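Notes follow once the structure below has been shown.
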Amino acid sequence: MTGGAALTGRVRVTGAKNSALKLMAAALLAPGRTTIDEVPDILDVAIMSEVLRRLGCGVDYQRTPGGGGGGRVLIDVPEQPSTETDYDLVRKMRASISVLGPLVARCGSARVALPGGDAIGSRGLDMHIAGLERLGATIVSEHGFLVATAPRLSGTSIWLDFPSVGATENLVMAAVLAEGTTVIDNAAREPEIVDLCTMLCAMGARIDGPGTSTITVEGVEALAPVSYATVPDRIVAGTWAIGAVMTRGDVVIERAVAGHLAVALDKLADAGATVEALPDGIHVAMTERPRCVDIVTLPFPGFPTDLQPMAVALAAVSTGTALITENVFEGRFMFVNELVRLGAAVRIDGHHAVVRGRERLSSAPVVATDIRAGAGLILAGLVSDGVTEVQEVHHVDRGYPDFVQQLQGLGAQVRRTQRDG
């Protein structure tokens with residue numbers, strides 16, 4: 001990509017990756033056809049589709065023309081799905097662990113390979129396992145698999161040591177078919193949790209309190225398949241918003257929900273941007289060099305850890321000095337060495353990054369280490385002089401549909417190439 005162009009125009013945000021994958025897993029809870037709209041056309045969705053196929057489901061993805069890189073997925077769930085997921089798929093994507101709760105709840109057993117995913121820090125499964133054991137499951141680890149059995153789960157009280165999104169989702173999906181009432185305290189509050197619970201309720205589940213720290217689930221005998229649309233992706237929307245500010249552009253982000261990005265948008269306003277919530281989107285514009293702002297990542301409703309690499313990139317071209325504090329994933333700063341190759345002045349001290357802003361960055365070849373790091377480096381390339389090459393962009397494909405095409409639509413001078421070998 002060649003830096004220097006401001007991002008201007010309109011861009012459409014499709015459904016949230018972090019929600020769509022869990023909605024697809026939730027389809028396992030009901031035999032028959034579940035239809036999910038606004039599913040992003042990304043690599044992780046393809047992986048989850050294959051996970052479900054190997055569990056015996058029929059999965060068909062239909063791309064929507066003009067849908068911003070999204071489409072519809074049709075999932076036909078058999079009466080008796082398989083209960084084992086293969087390591088060759090699960091190792092590629094951590095979200096595949098989300099089939100554990102639905103399989104145990106509906107089939108009474110599951111054999112799920114221990115997952116892989118982005119290298120951004122330790123994200124153990126202790127809370128998933130402890131919560132399922134509280135619900136009555138017996139879980140052992142053998143030969144790289146979690147093996148869970150439970151003739152029938154029973155409602156219980158569960159306290160999460162940390163408001164883990166993945167654990168909350170798995171435990172809610174298990175509890176909806178458990179006998180009795182389950183109360184999950186210190187539950188995650190992210191919009192993707194609310195989205196999952198809304199779909200489950202449409203399937204016939206009884207859930208109270210999604211979006212709060214206490215979720216109460218009254219178990220039911222069975223669920224039914226539904227048609228549902230995924231909540232817009234707040235991280236993709238936030239990426240476009242930060243990109244508009246970094247490049248001193250003017251972007252309307254269609255379908256974005258301002259309430260899902262309240263803290264992030266407030267920080268952009270503090271940096272000097274014009275931020276306007278629209279009936280069906282967000283308008284972000286910037287005319288001057290942004291001011292540095294301090295940022296602390298926290299679980300929702302705090303500043304999202306998934307936007308932290310973009311926040312560091314923004315601070316790298318802002319006036320002044322910013323302190324970025326990472327409280328969620330200890331490995332999230334791994335990408336900083338690549339940003340420094342672009343001329344950024346960043347010093348890491350534990351879970352803090354001190355960033356001294358510069359007028360512009362300097363082009364160089366860099367390597368994406370995970371989804372969000374890749375997006376942050378691409379934004380940094382847009383404000384670097386000369387031509388910047390970001391390698392290993394397959395990571396970005398896992399979270400951003402049609403990213404290059406959408407950047408081009410906003411005026412960026414960027415193209416994708418295939419390296420020899």
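The values are calculated or read from the model by the stated rules, or taken from the named source; none is laboratory data. Being a predicted model, the structure only gives us computed values, none of them experimental. We place every Cβ from the backbone using ideal geometry, glycine too, and count neighbours over all the protein chains shown.
Taken over the stretch 86-105, the criterion of being more than 21 Å from the chain's Cα centre (by Cα) and crowded, with 24+ Cβ neighbours inside 10 Å is satisfied by Leu103, Val104, Ala105.
Yes/no per residue for (1) in contact with an Asp or Glu (Cβ under 6 Å, 6 or more places away or on another chain); (2) under 21 Å from Ile129 (Cα atoms); (3) in a helix (DSSP H, G or I); (4) at pLDDT below 95:
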position	(1), (2), (3), (4)
Gly68	no, no, no, yes
Val73	no, no, no, no
Leu89	yes, yes, yes, yes
Ala110	no, yes, no, yes
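Set side by side, the residues Glu276, Glu288 differ, and just one is assigned to a loop (DSSP other than H, G, I, E, B), more than 23 Å from Pro163 (Cα to Cα) and not small (Gly, Ala, Ser), which is Glu288.
Each row is one residue, and each column tells you yes or no for (1) surrounded by fewer than 24 Cβ atoms within 10 Å (Cβ to Cβ); (2) assigned by TED's automatic domain parsing to the domain that holds Gly238.
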{"residue": "Ile371", "(1), (2)": "no, yes"}
{"residue": "Leu377", "(1), (2)": "no, yes"}
{"residue": "Gly381", "(1), (2)": "no, yes"}
{"residue": "Thr388", "(1), (2)": "no, yes"}
{"residue": "Gln391", "(1), (2)": "yes, yes"}
{"residue": "Arg415", "(1), (2)": "yes, no"}
{"residue": "Gln418", "(1), (2)": "yes, no"}
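Taken as a whole, the structure places Asp250 among residues that are surrounded by fewer than 21 Cβ atoms within 10 Å (Cβ to Cβ), more than 29 Å from Arg152 (Cα to Cα), more than 17 Å from the chain's Cα centre (by Cα) and at pLDDT 95 or above. Checked against (1) within 20 Å of the chain's Cα centre (by Cα); (2) crowded, with 24+ Cβ neighbours inside 10 Å; (3) of a type outside the set (Gly, Ala, Ser), Val328 meets all criteria but (2). Of the candidates Ile295, Ile348, the single residue that is β-branched (Val, Ile, Thr), assigned by TED's automatic domain parsing to the domain that holds His395 and without any contact (Cβ under 8 Å) to a residue 24 or more places away in the chain is Ile348. With a requirement of 2 or more residues that are at pLDDT 95 or above, the helices (runs of 4 or more DSSP H) lying completely within the stretch 304-415 that satisfy it span 308-316, 336-341, 371-382, 403-409. When the stretch 1-48 is filtered for residues that are of a type in the set (Gly, Ala, Ser) and assigned to a helix (DSSP H, G or I), the ones remaining, listed by number, are Ser19, Ala20, Ala25, Ala26, Ala27, Ala46.
For the stretch 140-168, the set of residues classified as under 13 Å from Thr216 (Cα atoms) and surrounded by 14 or more Cβ atoms within 10 Å (Cβ to Cβ) consists of Gly155, Thr156, Ile158, Thr168, listed by residue number.
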